[in-house]
Amino acid sequence: MSTFKSLSGKIDRRELVCGVMGLGYVGLPLAVEMANAGLKVIGFEVSERVAALVNSGESHIKDVQGADVAALRRSGKLEATTDMARLGECDVISVCVPTPLGKTKDPDMSFIVAATEGIVERLRPGQLVVLESTTYPGTTRELMLPRFESGGLTVGEDFFLCFSPERVDPGNPTWHTRNTPKVLGGVTAKCTELGGRVYELFIDQVVEVSSPEAAELAKLLENTFRMINIGLVNEMAMICDRLGVDVWEVIEAAATKPFGYMKFTPGPGLGGHCIPLDPHYLAWKMRTLHYKTRMIELAGEINTEMPAFWVGKLQDALNDVGKALKGSRVLVLGVAYKRDIDDLRESPALEILDLLSQKGVVSSYHDPYVPEIVADGHTPSGAVGKSVPLTDKLLRQMDAVMVVTDHSSIDYQRVCDHAQLVIDTRNACAKHDATHPERAIVAHA
Ligand code: SAJ
């Protein structure tokens, strides 16, 4: 019997053993959905701690309930291991490992290379490998495929290889792994067919495309679209600032257009583990082909400029009340990369705190989700510190308060009632700043 027929039969009988490499915010939810669909799942982790945690029926990922992991442990559907030799047991291997950027914004492919080498040693006829990590177009065919065929196996006949981008939005109350449409493209038609049939066992809608490159680029288009439109609206904020027009009023007015427009809002810059990074995978790849992705470069420049733009706004506002930046006491309100989460990755607040420190500002921060900013390889030295308690007295003592991340739990009326000056990068005080016409307390773009 051909390997295609053998794997096809296992799919029909749901007798698959599925391996998931990387049990992070992508891999663990995926493993749980596979196991909930009745498949036997082995999670492969390089972290003994994470493997032990999952095997003890717990979850380290906010979107995955510990009780669900415990139930799947009891049913024997889910286990975790650090023993990569067990990859040979798997009919399907989904690779969900990190793809960070290096300091020069070049892709760090080390995790994908390590996963590829782990698979190569155990690759056998009848296996399907699906890469999910966001990466540059061509990774699946140029980096993984040659290694997998190096032992004499042929893709599309002996084993099958696809790319299917992750679309996990941590904390999203509506969209999660099972109900978010999943794009998938195989190296051959048989790869696409088998990959689609496997993923349809635990994903509501699989969107098959003709190649792994189409799937790789679909993901990059999705997030590059966001990054460029955020750059556009940040430039609009700087334009409106120079024209003396309220950018928020302009944006709300434009957003009344019922077609052909999508609302984005300006802010302190671009944070997160996806949007600031993913477009640079495309830019990097195209540079190797001597093509400059001008839109990505330009949007990146504008988004990167925003922290300095807002520190400039602070300087002007203090100047208007006869104060210098140097020696002024400034409270930064909210440091996570977006509201109502605790994630600091690439947060523009870190850049703003560092700039304030460089200019001799006596700065502090309050963030109910981030008790401390610790020194690590990425954190600028001026951002290191602990969250201070938010009190009326503290607000009154500050020469200025900068709203950088607009957490919903903060009382912005209270901020406007007690602060001498508010620099509002998120328009969080819009409903409150009119309550103090005696003071021009809120400056925003
Ligand atoms: N931001 C703005 N203005 C906006 C939107 C975002 O300044 O109009 C800033 C945010 O403050 C943040 C950064 O951009 O600093 C990224 O924000 P994001 O809303 O894009 O959130 P992320 O980084 O969590 O993006 C994820 C992505 N999900 C995946 O890649 C699977 C993205 O594709 C989603 O669209 C996004 O979540 C989402 O919509 O929540």
**Item:** Among residues of segment 183-216, those that are within 29 Å of residue 262 (Cα to Cα) and crowded, with 23+ Cβ neighbours inside 10 Å, counted
**Value:** 5
**Asked** Does any residue of segment 149-161 turn out to be open to solvent by 60 Å² or more (accessible area, probe 1.4 Å) and within 16 Å of the ligand (Cβ to nearest atom)?
**Response** no
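Condition check ((1) more than 27 Å from residue 275 (Cα to Cα); (2) open to solvent by 70 Å² or more (accessible area, probe 1.4 Å); (3) in contact (Cβ under 8 Å) with a residue 40 or more places away in the chain) across all residues:
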site: 351; (1), (2), (3): no, yes, yes
site: 356; (1), (2), (3): no, no, yes
site: 360; (1), (2), (3): yes, no, no
site: 363; (1), (2), (3): yes, no, no
site: 380; (1), (2), (3): no, no, no
site: 391; (1), (2), (3): yes, no, no
site: 405; (1), (2), (3): no, no, yes
site: 408; (1), (2), (3): no, yes, yes
**Asked** Among the residues of segment 234-271, which ones are at positive phi and surrounded by fewer than 21 Cβ atoms within 10 Å (Cβ to Cβ)?
**Response** 244, 260
**Item:** Residue check for residue 167: basic (Lys, Arg), within 16 Å of the ligand (Cβ to nearest atom) and either in a loop (DSSP other than H, G, I, E, B) or in the same structural domain as residue 301 (by TED's automatic domain parsing) (or both)
**Value:** yes
**Message:** Can you tell me which residue is most open to solvent (accessible area, probe 1.4 Å) among those in segment 311-341 that are hydrophobic (A, V, I, L, M, F, W, C) and either within 16 Å of the ligand (Cβ to nearest atom) or outside the structural domain of residue 403 (by TED's automatic domain parsing) (or both)?
**Reply:** 341
**Item:** Among residues of segment 65-83, those that are under 17 Å from residue 45 (Cα atoms), open to solvent by less than 40 Å² (accessible area, probe 1.4 Å) and not in a strand (DSSP E or B), counted
**Value:** 1
**Message:** Go through segment 232-265 and report how many residues are part of a helix (DSSP H, G or I) and either without any contact (Cβ under 8 Å) to a residue 40 or more places away in the chain or within 20 Å of residue 428 (Cα to Cα) (or both).
**Reply:** 19
**Fill in**
The lone condition residue 144 fails out of (1) away from the ligand (no atom under 16 Å from the Cβ); (2) closer than 27 Å to residue 63 by Cα; (3) open to solvent by less than 10 Å² (accessible area, probe 1.4 Å) is (2)
**Message:** Checking the condition over 30 Å from residue 170 (Cβ atoms), part of a loop (DSSP other than H, G, I, E, B) and not small (Gly, Ala, Ser), which residue from 325, 318 passes?
**Reply:** 325
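The values are calculated or read from the model by the stated rules, or taken from the named source; none is laboratory data. Quantities reported herein were computed from a predicted structural model and do not represent experimental measurements. Neighbour counts run over all protein chains shown; Cβ positions are idealised from the backbone, glycine included. We work out accessible area using only protein heavy atoms, side chains counted, and drop any ligands, DNA or RNA first. Shrake-Rupley method; radii C 1.70, N 1.55, O 1.52, S 1.80 Å.
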